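Notes follow the structure.
The values are calculated or read from the model by the stated rules, or taken from the named source; none is laboratory data. Values in this document were obtained by computation on a predicted structure and should not be read as measured data. Note that each Cβ is placed from the backbone with ideal geometry, even for glycine, and that neighbours are counted across all protein chains shown. Ligands, DNA and RNA are stripped out before the accessible areas are found, and what is left, the full protein with its side chains, is counted by its heavy atoms. Shrake-Rupley method; radii C 1.70, N 1.55, O 1.52, S 1.80 Å.
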Protein chains: 2
Amino acid sequence: MSVQQNDFSKWYIDTIQKADLMDYTPVRGCIAFKPDGYELWERIQAEMDRRFKETGHRNAYFPMLIPESFFQKEKDHIEGFSPELPWVTEAAGEQLEERLALRPTSETMIGHLYSDWIKSYRDLPVLINQWANVFRWEKKTLPFIRTSEFLWQEGHTAHVDEEDARKETMQMLQVYKEVVEDLLAIPVYDGQKTPSERFAGAVDTYSIEAMMKDGKAVQAGTSHYLGTKFAEAFDIKYLNKENKHVHVHTTSWGTSTRLIGAMIMVHGDEQGLVLPPKMAPTQVVLIPVGPWKKKPEIVENLDKVFAELKAKGIRVKLDDSDQSPGYKFNEWELKGVPVRVELGPRDLENGQALMKARDAEEKTAVALDDLVASIENELTVMQTRLYDKAVAFREENSHTHVDTLDELKAHIESSQTEGKIPGWILGGWCGEDACEENVKEETKFTTRNIPFNPPTEKKTCVNCGKEAKHSVWFGRAY
Amino acid sequence: MSVQQNDFSKWYIDTIQKADLMDYTPVRGCIAFKPDGYELWERIQAEMDRRFKETGHRNAYFPMLIPESFFQKEKDHIEGFSPELPWVTEAAGEQLEERLALRPTSETMIGHLYSDWIKSYRDLPVLINQWANVFRWEKKTLPFIRTSEFLWQEGHTAHVDEEDARKETMQMLQVYKEVVEDLLAIPVYDGQKTPSERFAGAVDTYSIEAMMKDGKAVQAGTSHYLGTKFAEAFDIKYLNKENKHVHVHTTSWGTSTRLIGAMIMVHGDEQGLVLPPKMAPTQVVLIPVGPWKKKPEIVENLDKVFAELKAKGIRVKLDDSDQSPGYKFNEWELKGVPVRVELGPRDLENGQALMKARDAEEKTAVALDDLVASIENELTVMQTRLYDKAVAFREENSHTHVDTLDELKAHIESSQTEGKIPGWILGGWCGEDACEENVKEETKFTTRNIPFNPPTEKKTCVNCGKEAKHSVWFGRAY
């Protein structure tokens, strides 16, 4: 059994360190994003930001420190977040009169300000996003996936009514789904969170959920309809067309650097990272092989290919360092570079080069004249192929045959016996928190979401056997 | 006398609030960057980031919280920053064993990590930049210019030797100068800081200094040669080609959101913001005037101009709201939109429109056929004109005739009597801290920098009259 199958956590940690994406730091649960890791975030940022602006949002920046009294104003919110807050209690040599929390999210600070900014229906909708660092001091941390400090974006919008706010909530969930599927090549189930899994202070929370190669789930993005809860807590009212002061309806939505972790866990393999071409900092690496130093035409040819690829906007590197080809192959494989091209004296004689996609078993011989076009084509094809493979993996491990808790236990047990991952199951759910809780206690499977398009409709609750109100994805989660 | 001349601070605060750039928050000295303000930062970021990458730098992200013990390692550093640090002392309901500072800058955390990352001369240079929020809990704050939390970039590089590190220090100062002059249209004096004004822990600090319309200085960017001070404190060594372990030489350099404040104080006028075209979120506003609603051709014509400008990548708005033209003119003026175009029924009959540059006295009639080209041209010309005006203003208020402290006092006094700003003076300086200190005490004029290209060489120290080692810009500063 491979390390990836045998000890997924070890594989993950080894992989991100070998690929030089991050480093641990002496501050508990806080990592340093090294340039190769940060560049992945920059690509996610660029595409998300483009989509946010396309849908009418603008960026702003709010203070990181939030007065304790702000949290007290929305009781679910403080209940949910207070166990994880770091506090500033002193500054410039003096005790502060009121403790200031390092923001875990900014609903309260923004709520306070929106109450000033919003006066009339003419001011609505307010469509603002923030790129920021946030803090959640959690016990168990895992690089990218769950860290004490992480980077994210948080959208905060205010609307005239429920309909408009709900439309926004759904629109942003859809933006997340498209970016995660198109850019990161990660298929996701979109759906609604159960009440127990809601964001602290939300009326409804929606999520996109992705399956990792160990069968565990990563919540890859959430979008919340907050109703008038924060508007009431922070007195955000506007004068409507009928000249009445009414509360706005707000939403919030977020995605974070955990997407980097999810991408690695979905596509990575025994040799290291596998990066979708749209995400890869380096998309193509050109490597001279054999006794290439004696034949200058080899590097000349690669230089030409390099220039042509570059002119097409493809991110390419030529590795003419002194290391052996084997060393280089290994190095670029663990960094997940999508396409490798080798050119040696014999290839040159034959007027061809060897091309290898990071996820392919074999190299392909390609005529030098077709090389640039073939590389370009391979990058497109590979992006789709990685997505399709991830879909196939997810389908294979999304089970719909489980109807009862006993069947779920049996499913998990037989998976273990057969050395398979248990994956997720679609289970009926009556709507009671207690049933959800019991499934969790007995199996560690939690509700991921109530998918908008379940593959089938379950009739009975997987825990109590009563009539099911919803069909829900259950699985273990990060 | 205008508000701007009479009470510059009031003018500044009024202007940024009316232009909707920021808001105060209940957290001392922390502001919220509203979308119109944040977009200015996004433009600065985009251009700086492009230049950093062009010069071989990559972005990374380091933890915001820094253990107290890290600060202790470089004595000048802790001395300089400790009076301004906010501290996290509790997290998740527990007292921390060691206090964690909110970073005022990241030399210490990065030094700690570089000591791990750098092993051999092959690893050098390390060229990393970080975009981040930082904290300096200062007593007197002013939006954008000096806030408890601000946004900035900090470059941190490591080199094999002094020569390479000094080259980097100068290169980045030059990048700053070019961006600030080209993009923000702010002329700056580049030069070296005196020892008393150095960054805490630097061997040498260089700066670019800009003159505001009230004659005060804003330090618009700094670049530091840190020698081996941080390398020694954090044990950052590498194996050189001679197989010896030697310390790296490091640099750091930063610019921040204070550039937004500087831009406003350099170009703004009585009517509000004046934005250089390259910086303006909206570069052109098209406004139908007169009884335009009765003549649909007017908006049709403006729609066409709008589409053509947009196709050229020009950021344009058409304001066909119900407000009066006067209201609209005022609104867009205070937001600093560079070019306004008016089109009314009579203009249309004459086949022309009226165009007004934000900083021009008069409107110009332009034939409709030439309108797009004229607008495009005006945006280019205005960018240069604003820069040239700022240069002229600075020249007028950069004085070289002052040779002694008495003359400086007389100069300040006569400025006051004549209702002029005192501006800056080029003073000789013997190199003694005490002389610098005395000038400051007596006049509030501090050393800005020792310019690389002083307009003239001063022979004697402005304070003690002994031989001058340097010609230094003195002025009041933010």
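Listing for the model above:
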read-out	value
Close pairs (6 angstrom Cβ cut-off, 6 or more residues apart or separate chains): polar (S, T, N, Q) in the range B:101-127, outside any strand (DSSP E or B) and open to solvent by 20 Å² or more (accessible area, probe 1.4 Å) anywhere	B:Ser115/B:Asp235
Candidate set: the range B:342-362, residues that are over 31 Å from the mean Cα position of the chain (by Cα) and of a type in the set (D, E, K, R); chosen: the one nearest to B:Gly272 (Cα to Cα)	B:Glu342
In the range B:223-245, the residues that are touching a helix residue (DSSP H, G or I) at 6+ places or on another chain (Cβ under 8 Å) and in a strand (DSSP E or B)	B:Ser223, B:His224, B:Tyr225, B:Leu226, B:Gly227, B:Lys237, B:Tyr238, B:Leu239
Subset of the range A:179-198 (residues that are touching an Asp or Glu at 6+ places or on another chain (Cβ under 8 Å), assigned to a helix (DSSP H, G or I) and open to solvent by less than 10 Å² (accessible area, probe 1.4 Å))	A:Val179
Residues that are closer than 15 Å to A:Asp406 by Cα, aliphatic (A, V, I, L, M) and part of a helix (DSSP H, G or I), drawn from the range A:431-478	A:Val439
Some residue of the range B:167-187 being in contact with a helix residue (DSSP H, G or I) (Cβ under 7 Å, 6 or more places away or on another chain), in the same structural domain as B:Ala46 (by the TED database), more than 30 Å from B:Lys241 (Cβ to Cβ) and small (Gly, Ala, Ser)	yes
Residue, most open to solvent (accessible area, probe 1.4 Å), within the range B:22-76, restricted to residues that are out of contact with any Pro (no Cβ under 9 Å at 6 or more places or on another chain) and among the β-branched types (Val, Ile, Thr)	B:Thr55
Neighbours by Cβ (under 7 Å, 6+ apart or cross-chain): first from the range A:328-348, more than 25 Å from A:Ile13 (Cβ to Cβ); second surrounded by fewer than 21 Cβ atoms within 10 Å (Cβ to Cβ) and among the β-branched types (Val, Ile, Thr)	A:Glu342/A:Val289; A:Leu343/A:Val289; A:Gly344/A:Val289
Pairs, first over 23 Å from B:Tyr189 (Cα atoms) and in contact (Cβ under 8 Å) with a residue 12 or more places away in the chain in the range B:398-417, second in a helix (DSSP H, G or I) and among the polar types (S, T, N, Q), C-beta under 9 Å, six or more apart	B:Lys409/B:Thr443
Qualifying residue in the range A:85-99 (condition: within 11 Å of chain B (Cβ to nearest Cβ), assigned to a helix (DSSP H, G or I) and open to solvent by 10 Å² or more (accessible area, probe 1.4 Å))	no
Any hit, the range B:444-454, residues being within 27 Å of the chain's Cα centre (by Cα) and among the charged types (D, E, K, R)	yes
Residues satisfying the stated conditions in the range A:1-25, i.e. among the β-branched types (Val, Ile, Thr) and outside any loop (DSSP other than H, G, I, E, B)	A:Val3, A:Ile13, A:Thr15, A:Ile16
Some residue of the range B:43-51 being under 28 Å from B:Met212 (Cα atoms) and facing another protein chain (nearest Cβ under 7 Å)	no
B:Gly290, sole failed condition from (1) at positive phi; (2) in the same structural domain as B:Val179 (by the TED database)	(2)
Filter pass, B:Lys139 being farther than 19 Å from B:His57 by Cα, modelled with pLDDT under 95 and basic (Lys, Arg)	yes
Residue that is small (Gly, Ala, Ser) and at pLDDT 95 or above, where the choices are A:Ala60, A:Ala92	A:Ala60
The one condition in (1) β-branched (Val, Ile, Thr); (2) within 28 Å of A:Phe70 (Cβ to Cβ); (3) more than 12 Å from chain A (Cβ to nearest Cβ) that B:Thr55 fails to fulfil	(2)
Within the range A:223-243, considering residues that are without any contact (Cβ under 8 Å) to a residue 40 or more places away in the chain and farther than 14 Å from A:Asp76 by Cβ, the one least open to solvent (accessible area, probe 1.4 Å)	A:Asn243
Residue match in the range A:155-170 (condition: surrounded by fewer than 22 Cβ atoms within 10 Å (Cβ to Cβ), touching a residue at least 12 places away in the same chain (Cβ under 8 Å) and among the polar types (S, T, N, Q))	no
Subset of the range B:329-386 [of a type in the set (Val, Ile, Thr) and modelled with pLDDT under 95]	none
Criterion violated by B:Trp137 - all others in (1) open to solvent by less than 10 Å² (accessible area, probe 1.4 Å); (2) within 7 Å of chain A (Cβ to nearest Cβ) satisfied	(1)
B:Ala220, sole failed condition from (1) buried (at least 23 other Cβ atoms within 10 Å of the Cβ); (2) touching a residue at least 60 places away in the same chain (Cβ under 8 Å)	(2)
Pair list, Cβ under 7 Å, 6 or more apart: the range B:445-462 residue at negative phi, other residue in a loop (DSSP other than H, G, I, E, B) and of a type in the set (Asp, Glu)	B:Thr460/B:Asp403; B:Val462/B:Asp403
Residues located in the range A:140-150, provided they are assigned to a strand (DSSP E or B), crowded, with 19+ Cβ neighbours inside 10 Å and hydrophobic (A, V, I, L, M, F, W, C)	A:Phe150
Qualifying positions in the range A:100-121 - within 11 Å of chain B (Cβ to nearest Cβ) and open to solvent by 10 Å² or more (accessible area, probe 1.4 Å)	A:Leu100, A:His112, A:Asp116, A:Trp117
Options B:Lys18, B:Lys34, B:Lys73: the member that is within 24 Å of the chain's Cα centre (by Cα), of a type in the set (D, E, K, R) and more than 9 Å from chain A (Cβ to nearest Cβ)	B:Lys18
